[in-house]
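Visitor: This is the structure I have questions about; it appears just below.
The values are calculated or read from the model by the stated rules, or taken from the named source; none is laboratory data. Computed from a predicted structure; not experimentally measured. Neighbour counts run over all protein chains shown; Cβ positions are idealised from the backbone, glycine included.
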Amino acid sequence: MKTTEKIITMVCLCLIAYASPAGESVIPWDDDFDNYTNNTPLINGTNGWYASSGSCIVQTNVSYSIRAAMIPVDCTLSNRFQQNANTNVWIQMYIRPCLYDGQTNPVVDNTNVAAMFYINTDGYFVVHNGPATNPGPTNSQSWVTLTTNAAGDAAAKVIAGTWTNIDVFLDYLNTNWTLYAGGITLMTNIEFIKTSITNFSGFDIYNGASTSYMDNASVASNSLLVLSISVSPSTWTVGTVATGTVQMSSAANKISVTNNGSVTETFTLKIADEDDKGEWTHSSLTNGAAANVYVLSGIFCAGINVPAQDSFNQAGNNDVLTTIRQTATATQFAYVEGTATGENVSADDGRSLWLRLDTPTAGLGRVAHKITVRVGCIQP
């Protein structure tokens, strides 16, 4: 038996998926609000919108693009969709939320809800994972605060009053969902609250605090967005080297980084472990090598490019790796004379990663030191 569901985004912020009547909108669907007359109320089926208040309008004062939907306090904005057999559904939107300031987690409707999340006062996403039966809907213990993302890195906090892009992937065959924010995978395989829900029929956005805004909403049906890379080789063996010297990759041992995901990706770099011996640390400055302190730099380029030592950090410290994840751009981790960068790498395409190590000028040596670098990717 088929059942239907709907997504609710409570811009305080909660997202809920649940059963609802069929409506008018058809997948694929999108709305950037730019073609509306200013102050148009989003009621009575305007492009599928049904707000609970005529004060929910399209306006120009606060928007991500030209116009955006304004959602006043205690208002629900919904869009209803025709019955469909799609088993993979993407909901994407930009929101400018206020943060959920309730003293307890929201009550979970355990009768017809598929998915639910909100953003707490610390700026972290909080998702509900599985049925609300522990012990029950009003005090469920199945809430998970996402202080780290799916890669294990510290999750970026949402700042109230700023725009955030949110992507939700609903997998009805496996009755779970995935949450993305800012192009970063926050959590995968989040279990539906009601696992018998089988298809999508709409979404609601509820705002329970100060006025919030939504822009560039879309619903599509396609496969799961896959962010993935392969790295080969996974080790750069520098060998025995002297203090105060510069070592760098060669054409023989450069590292190939390939986008084996399903979408365009931008690569990232960070030092995950400064030294397995706990004796060396890194400097974030190009000329920062010192006793027991090294500098590690990296650049992405095309396979045919061959950088030199002076190809690194031509614009300051822009190619230096730190323990904070940094994203490749046209100037960061980039070979100025090269023909490609680590930014906007198409699916199945790849880049060469060249590394430069400025060794410590003095200190603890005569043993092998292992520095661990994490290569990652985001959806630009």
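Visitor: In this structure, does Leu364 turn out to be of a type outside the set (S, T, N, Q) and touching a strand residue (DSSP E or B) at 6+ places or on another chain (Cβ under 7 Å)?
Guide: So Leu364 does not fit the description; no.
Visitor: While we're on this one: So which residues in segment 221-262 are under 18 Å from the mean Cα position of the chain (by Cα) and either farther than 30 Å from Met70 by Cβ or in a strand (DSSP E or B) (or both)?
Guide: Ser223, Leu224, Val226, Leu227, Ser228, Ile229, Asn259, Asn260, Gly261, Ser262
Visitor: Is segment 213-221 home to any residue that is outside the structural domain of Lys254 (by TED's automatic domain parsing), buried (at least 19 other Cβ atoms within 10 Å of the Cβ) and modelled with pLDDT under 85?
Guide: no
Visitor: Just one of (1) within 22 Å of Phe192 (Cα to Cα); (2) free of Cβ contacts under 8 Å to residues at least 60 places away in the same chain trips up Asn86, so point out which.
Guide: (2)
Visitor: May I ask you to verify whether Asn174 is assigned by TED's automatic domain parsing to the domain that holds Val126 and part of a loop (DSSP other than H, G, I, E, B)?
Guide: yes
Visitor: When the residues of segment 356-380 are filtered to those that are among the basic types (Lys, Arg) and part of a loop (DSSP other than H, G, I, E, B), which remaining residue is surrounded by the most Cβ atoms within 10 Å (Cβ to Cβ)?
Guide: Lys370
Residues checked against (1) under 20 Å from Trp236 (Cβ atoms); (2) among the hydroxyl-bearing types (Ser, Thr, Tyr); (3) in contact (Cβ under 8 Å) with a residue 60 or more places away in the chain:
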{"residue": "Ala251", "(1), (2), (3)": "yes, no, no"}
{"residue": "Ala272", "(1), (2), (3)": "yes, no, yes"}
{"residue": "Gly298", "(1), (2), (3)": "yes, no, yes"}
{"residue": "Thr327", "(1), (2), (3)": "no, yes, yes"}
{"residue": "Phe333", "(1), (2), (3)": "yes, no, yes"}
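Visitor: For Ile166, work out the one condition from (1) buried (at least 20 other Cβ atoms within 10 Å of the Cβ); (2) farther than 30 Å from Ser65 by Cα; (3) touching a strand residue (DSSP E or B) at 6+ places or on another chain (Cβ under 7 Å) it doesn't fulfil.
Guide: The one condition Ile166 does not meet is (2).
Visitor: Would you pick out the residues in segment 191-203 that are buried (at least 23 other Cβ atoms within 10 Å of the Cβ) and in a strand (DSSP E or B)?
Guide: Selection gives Phe200, Ser201, Gly202, Phe203.
Visitor: Residue under question is Lys277, and the condition is that it be assigned by TED's automatic domain parsing to the domain that holds Arg356, in a strand (DSSP E or B) and either at pLDDT below 95 or loosely packed, with under 15 Cβ neighbours inside 10 Å (or both); does it hold?
Guide: Answer is no for this residue.
Visitor: Separate question: Just for strands (runs of 3 or more DSSP E) wholly inside segment 36-83: which have at least 2 residues that are surrounded by 17 or more Cβ atoms within 10 Å (Cβ to Cβ), assigned by TED's automatic domain parsing to the domain that holds Gly208 and free of Cβ contacts under 8 Å to residues at least 60 places away in the same chain?
Guide: Qualifying strands (runs of 3 or more DSSP E): 49-51, 57-59.
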